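To start, the structure itself, in structure tokens.
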Amino acid sequence: MKKIIIAIDGPAGAGKSTIARKVAARLGYAYIDTGAMYRAVTLVFLRSGKPFTEAFLTDLAKQIRISFAYQDGVNRVYVGNEEVTEAIRSLEVSRNVSAVSAVGGVREAMVAQQRSIGEKGGVVMDGRDIGTVVFPHAQLKIFLTASVEERAHRRYLEMKEKGEAVDLDDLKKRIAERDHLDETREIAPLRCASDAVYLDSTSLSIDEVTKQIVDRVMAGV
């Protein structure tokens, strides 16, 4: 069976990364976490201590090289030779990633890297604009979503498990704000492609969503 490009888009906290990883594992595909790429740029920017300017961020995004390695059951993220898997998930990065990813030059640099990685197929990519901008010709596009309440609850449990102090109402507010930013930004806003499969995971388990996607691939999309 010919290996295809699978694009999974959707809002923050919808479970895109978890589902994409599982789909990739089931199919023997490579998993590319595009959200982690924007987080990596954000992390490097925050560490620089430089003021927020589009010119600086664009130059930064063009210079850094991001890669992935699946090791010990973890999809590890690298900037150059440094592993940043945990560092890019900090609250500070989460609060700034929408603004950084809205910069046109940053998106152009990341899209170029993403296309280079995935153009031969056999990949699962998740993000906000994979099926609409990065790979509009992807053979299977999924728009994965869930209610704000459910997404906040999932994130709350995830952070609590890591021992991080977090307020559920604050999480709901921040997720709703992130949705608004992603949906209204000028460049590559979050939207469901006209030919995408719309999947609401609010009342579905991870395995149920994974099965629906894998079944479509095995059936020839």
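Taking each of Lys62/Lys141; Lys120/Lys211; Lys16/Lys62; Lys2/Lys120; Lys2/Lys141 in turn, the alpha-carbon distance tops 19 angstrom for Lys62/Lys141; Lys120/Lys211; Lys16/Lys62. Label separation (Ser67 vs Ala55): 3.3 nm, computed from points 7 Å beyond Cα along the C-beta direction. Residues whose amide H comes within less than 5 Å of that of Tyr70, counting only those at least five positions distant or on another chain, are Arg76 (H built at 1.01 Å from N in the peptide plane). Take every pair of alpha-carbon atoms less than 8 Å apart whose residues are at least six positions apart; their mean separation over the length of region 5-218 yields a relative contact order of 34 percent. Whole Å is fine, so just give me how far the alpha carbon centre of region 100-138 lies from that of region 43-60. Taking the Cα centre of each part, region 100-138 and region 43-60 sit 21 Å apart. With both labels modelled 7 Å from their Cα along Cα-to-Cβ, the Ala165 to Asp207 distance reads 3.7 nm. For Ala112 and Glu183, the difference between the fully extended length at 0.36 nm per residue and the C-alpha to C-alpha distance is 23.4 nm. With both residues required to sit in the chain, DSSP beta bridges show an antiparallel share near 30%. With the simple spin-label model, which puts each label point 7 Å out from Cα in the Cβ direction, the Ser90 to Ala219 separation comes to 4.6 nm.
Taking the charge dipole of region 9-121 about its Cα centre, with +1 at Lys and Arg Cβ atoms and -1 at Asp and Glu Cβ atoms, the residue from Ser116, Leu60, Thr42 reaching farthest to the positive side is Ser116. A DSSP coil position with no more than 12 other Cβ atoms inside 10 Å describes the following trypsin sites (Lys or Arg not before Pro) in region 13-66: Arg65.
Helical content of the chain, expressed as a calculated mean residue ellipticity at 222 nm, amounts to -15500 deg cm²/dmol (DSSP H runs of 4 or more residues, -39,500 (n - 2.57) each, divided by residue number, nearest 500).
Every read-out reported here was derived from the displayed coordinates using simple, explicitly stated rules and does not represent laboratory data. Because the structure is a prediction, the values reported are computed rather than measured. FYI the Cβ positions are ideal-geometry reconstructions off the backbone, even for glycines, and counts take in every protein chain you see.
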